[in-house]
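The values are calculated or read from the model by the stated rules, or taken from the named source; none is laboratory data. Since the model is a prediction, treat every value here as computed from it, not as a measurement. Every residue, glycine as well, gets a Cβ built from its backbone with ideal geometry; the counts of neighbours run over all protein chains shown. When the accessible area is computed, the model is the full protein with side chains, heavy atoms only, and any ligands, DNA or RNA have been set aside. Shrake-Rupley method; radii C 1.70, N 1.55, O 1.52, S 1.80 Å.
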Amino acid sequence: MSEPTPPLLELERVSLAYGPVLAVREVSFAVRAGEVVGLVGDNGAGKSSIVKLVAGVHRPTSGTMRWSGRAYAPRGPREALEAGIATIHQHLALAPRLPVWQNLFLGCERVRRSWLLGLPVLDVGRMRAEARAALARLGITVTDVDCPVAELSGGQRQAVAIARALLWNARLLVMDEPTAALGVRETEEVRALIRRLKAKGVAVLLVSHDMQDVVAVADRVLVLKKGRLAAERAAAELDADRLAHLVMTAEAV
Ligand SMILES: Nc1ncnc2c1ncn2[C@@H]1O[C@H](COP(=O)(O)OP(=O)(O)OP(=O)(O)O)[C@@H](O)[C@H]1O
Ligand SMILES: [Mg+2]
């Protein structure tokens, strides 16, 4: 018999302290390929801190992480991205005055040799074409890649952030409050996008205050309380009210 495939991402008794503040306390969980895992909890529960550990922004104070069964200790966000983990942080880091295509390639611009002097120059044509293709693959309704991000709706901005994250062929997408600033229709677009990613086998770790969001798309939900994992449930057992009740009543174990 062959070994069962290991989870994509595993955290084992991971803690994170910011000086005297213990933001994450011995948290253990796993995320499998194609699985959507919701991460919920009150303000300050430690959700974004876990996101930052997975994204390589911070290193655990103790505990270990594994990626595809191997030790995972990224020294920075770039290493996380290269490993296959793309993160969209709570506050989108987009450049509003730059066009969509340029936002997609911020920090990882495509270059080519200039035909004149053989020097490297930005390959604008290729980036615009790749941007268009990336958005189309995700079924995103941004028709003009030359449009400055400032002119997009909240939902379209979130979509651009997702497309940028996925340019790297991520196998896990971590999203911290993707629908916080969105209207009803835009929220539904983001949910549909998460479902399409899942169908492609991409795993999603979804942090959200919106219980409707979580029960609409997650397979499994983790409830954090004061830095500790207080409950874990299959989403099929929950509705938004039950989940909200669980967030209020679950005791850190
Ligand atoms: N850079 C930091 N330095 C010191 N303390 C921090 C830092 N970032 C977060 N904290 C603290 O760590 C705890 C967890 O914060 P975190 O941002 O992870 O919570 P959260 O669950 O994402 O909250 P929210 O729902 O408000 O986004 C809080 O007590 C917070 O004040
Ligand atoms: Mg947060």
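Could you say whether any residue in segment 196-217 is farther than 25 Å from Leu53 by Cα and either in contact with a His (Cβ under 7 Å, 6 or more places away or on another chain) or surrounded by 15 or more Cβ atoms within 10 Å (Cβ to Cβ) (or both)?
Looking through segment 196-217, at least one residue is farther than 25 Å from Leu53 by Cα and either in contact with a His (Cβ under 7 Å, 6 or more places away or on another chain) or surrounded by 15 or more Cβ atoms within 10 Å (Cβ to Cβ) (or both).
In segment 1-12, what residues are out of contact with any helix residue (DSSP H, G or I) (no Cβ under 9 Å at 6 or more places or on another chain) and either near ligand 1 (Cβ under 9 Å from one of its atoms) or open to solvent by less than 30 Å² (accessible area, probe 1.4 Å) (or both)?
Passing the criteria: Pro7, Leu8.
Out of everything in segment 219-230 that is open to solvent by 10 Å² or more (accessible area, probe 1.4 Å) and hydrophobic (A, V, I, L, M, F, W, C), what residue ends up being farthest from Lys52 (Cα to Cα)?
Of everything passing the filter in segment 219-230, Ala230 is farthest from Lys52 (Cα to Cα).
Can we say Ser15 is closer than 20 Å to Val221 by Cα, open to solvent by less than 20 Å² (accessible area, probe 1.4 Å), touching a residue at least 40 places away in the same chain (Cβ under 8 Å) and of a type outside the set (A, V, I, L, M, F, W, C)?
So Ser15 passes the test.
Is segment 76-85 home to any residue that is part of a helix (DSSP H, G or I), more than 16 Å from ligand 1 (Cβ to nearest atom) and within 23 Å of Ser208 (Cβ to Cβ)?
Yes: segment 76-85 contains one or more residues that are part of a helix (DSSP H, G or I), more than 16 Å from ligand 1 (Cβ to nearest atom) and within 23 Å of Ser208 (Cβ to Cβ).
Answer yes if at least one residue in segment 69-81 is under 18 Å from Ala181 (Cα atoms) and either surrounded by 12 or more Cβ atoms within 10 Å (Cβ to Cβ) or modelled with pLDDT under 90 (or both), and no otherwise.
no
Mind checking which pairs have a first residue in segment 24-46 that is within 18 Å of Gly63 (Cβ to Cβ) and a second that is more than 7 Å from ligand 1 (Cβ to nearest atom) and among the aromatic types (Phe, Trp, Tyr), Cβ under 7 Å, 6 or more apart or different chains?
none
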